[in-house]
Structure formats: structure tokens, C-alpha cells
1. Express the relative contact order of the chain as a whole percentage, based on alpha carbon pairs under 8 Å and six or more residues apart in sequence.
2. Straight distance only, please: which lysines reach the Cα of residue 201 with their own Cα at less than 21 Å, same-chain residues fewer than 8 apart left out?
3. Which percent, nearest 5, of DSSP beta bridges in the chain are antiparallel?
4. Highest mean first, what order results for 263-272, 90-99 on Cβ atoms within 10 Å?
5. Mind giving me the nanometre distance, one decimal, between the label points for residue 101 and residue 58, set 7 Å out from Cα along Cα→Cβ?
6. Defining a contact as two alpha carbons under 8 Å apart and six or more residues distant in sequence, what relative contact order in percent does segment 147-224 show?
7. Please enumerate, by chain and number, the lysines with C-alpha under 23 Å from the C-alpha of residue 323, excluding those fewer than 8 residues away in the same chain.
8. Could you give me the ³J(HN,Hα) list for segment 251-260, computed from phi with Karplus coefficients 6.51, -1.76, 1.60 and θ = phi - 60°, whole Hz, x at Gly and Pro?
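Computed from the coordinates by the stated procedures, all read-outs in this text should not be read as laboratory data. None of the values given here were measured: they were computed from a predicted structure. Cβ: placed from backbone, ideal geometry, glycine included. Neighbour counts: every protein chain shown.
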Amino acid sequence: MPKETVFNRQSPTGTSSSIANRQLIRPRRLRTSPGIRAMVRETELNARDFIYPLFVRHGAGRTEIRSMPGIFQLSVDEAVREAESAFSLGIPSVILFGIPAEKDPIGLENFSGDGIVQQAIKAIKRSIPEMVVITDVCLCEYIDHGHCGVLGKDGYVLNDPTLDVLRKVAVSHAEAGADIVAPSGMIDGMVAAIRAALDGKGFENTPILSYAVKYASAFYGPFRDAAEGAPKFGDRKSHQMDPGNVREALREAALDVAEGADMLMVKPALAYLDVIRVVKDAFPELPLAAYNVSGEYAMVKAAAANGWIDEAKVTLETLTGMKRAGADLILTYHALDAAKWLKG
Ligand SMILES: [Zn+2]
């Protein structure tokens, strides 16, 4: 080992006089020009890292979501247009959330062949066959009480009866042409149940992206405006995780891997970068997604609208942080803007 390196490690704060005869280590040399900085950059965002969430509803046109400027509830035609914009910017994938015509105690439209998500899958795949269409698989947007499962008398989400509905929804999405299904309800056994159901219908090649580690977070507020899926009473703390827990995240991820998940997700992202890191380190062999959620988006948009931050720089720095933490893929409402900014 060179002498100066030994010295530097032992006395990183040594004075210049004490190192007069030794060579100073100068990390700043690698920051002297844009060219060198680009050469040694460890983490670089790319449009292909992004998954763009789309909210589809019946009817015509598009309606902007009040708390998410630039994000819309879209008719099927408009969803196709939005997906085309994303694809032309190099974003390879969208994830679909549906707003049904009517809500009921089971969420019948959720697994109906002509449900809103099923229509959107078909229309997007018809227009852009190469686009990877992911579907969110849960009950909350379709069910009248807004919870993520079938409810018992005491208001508790019943686990195993909910699995029966999730099986039907996943198969229905696959039949409509979904490339990947993404169960998001934090229901125990959901990955195994969906895997078995897909395999039983000949969809053994349809991957499962599991929302394996999803917290009961206040950052979902604006999404509930967007998807009209807020619970009518109570909360989701009996199935989503407590924000204080990280060891439990490893347990949840391990179970989903054992049940056959092809990819994992941590949601939300910004307040959970440490969770992204530990899950990535524990399961480096699986692609990991992070969901940059609606509240994170809304905070950036609100501050930018006030002129308090530089929207482009803050957004790209935030997304880079998520990737540096270990996310291979990022679900983000900033996808279109970020892809444009990355092109320069
Ligand atoms: Zn849900």
C-alpha cells in the first residue's frame, strides 16, 4: 500500500504542515470537468427505468387531478395517447389503475372481460404492441367500501376470501393481454394464489411484480383523489405495514420470493430509501421497483409552482436517489417530464 494512503487513512484531518512531504489525496481531481464527472458517475437515470402510472375511466376526454398537476383521469382513447407519448420518450412500460362505472361489495367490474382496465389493456397493446402493460391487482378501487379486500362483519379485511377475488382479477387481466400483473393489497398468500391461478389458465409466462413491501402511508393522499379509492371508514393498517418497521420488510419480501414473485416493489419510495437498500441487498437476484408515490409528486409540484425549488433538478435528484438506493425500476408520475429532461 502506498505510504500516503496509509497516512491518509490514519490521519484524515492531518494539517498541511504535517503532510508537507507527502502527497495530498485529491478526490476533487475527478470533479474538475463535466466530461470526467460523467465518466465516473456511479448511478445514471434512464427513461427505461420508468414505469408510468395511468388512471383509466369510462367516458370521453381527460380530467386533471386537482392534487396532482399534469396527471389525469383518462378515457381509454386518452390512455392510449398518453401511453404513446411515454413510449416515444423511451419509457417502456405503463401500470394501469381503473375507475369502474359502479362500485359494489365484491367489485364485479374488476374481473369483467369488458371492465375499464381490460379495455385499456387491449387498446394500448393494439396501438403499441411493444409497450409493457402492467396492471395493478387489488380490490379497493372497485369495491363500495374502498378497502383492499372482502370485509368481515367487524370491518376486518378477510384474507382468504380476498384471495379468491384476486385470482379472478389477475386471470382476467392476463386474458385481456396484460404483460405483468402487480398485486398491491398486502394480502397474505396473494402471490402464491395468483401464480397458481395464472398457471392453471395457461399464463405460466406472465410475471408477477409484487407490491411486497407496502407501508400504511400518508403519502398516498393524492392517489386516492385520482383513483377514487379512499376507504369510506377506518384505515389500511391491518394489512399495510407500519412505517417504523424494516425487519418485517425482509420477512414480507422473503415470503413473496418463496411464493414465486418475479419482481419486488417497495412503496412509498422517498421516506423508505433504507428499506429499498436492505431489500435489494437481501434479494439482489430479483429486479426491485420503487413507487415514487402521489404525495411525493404533489410536494415537488407544489413547491415548484411557488418558485421555491427547481422542479427538474429536484425531480431528477430524487429519482437518482431511489435508483442509488437499489431500485432498478421506478414507478413515477414524473416519468414524461423526467424523460424529457434527461434528453436535455
Ligand atoms: Zn388496494
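1. Result for the chain is 17 percent.
2. 122, 125, 168
3. Beta bridges within the chain, antiparallel portion: roughly 15 percent.
4. Highest to lowest by the protection proxy: 263-272, 90-99.
5. 0.3
6. Reported as a whole number, the value is 28 percent.
7. 214, 267, 280, 301, 313, 340, 343
8. Going residue by residue, I get 5, 4, 5, 4, 4, 5, 5, 5, 7, x Hz, with x marking Gly and Pro.
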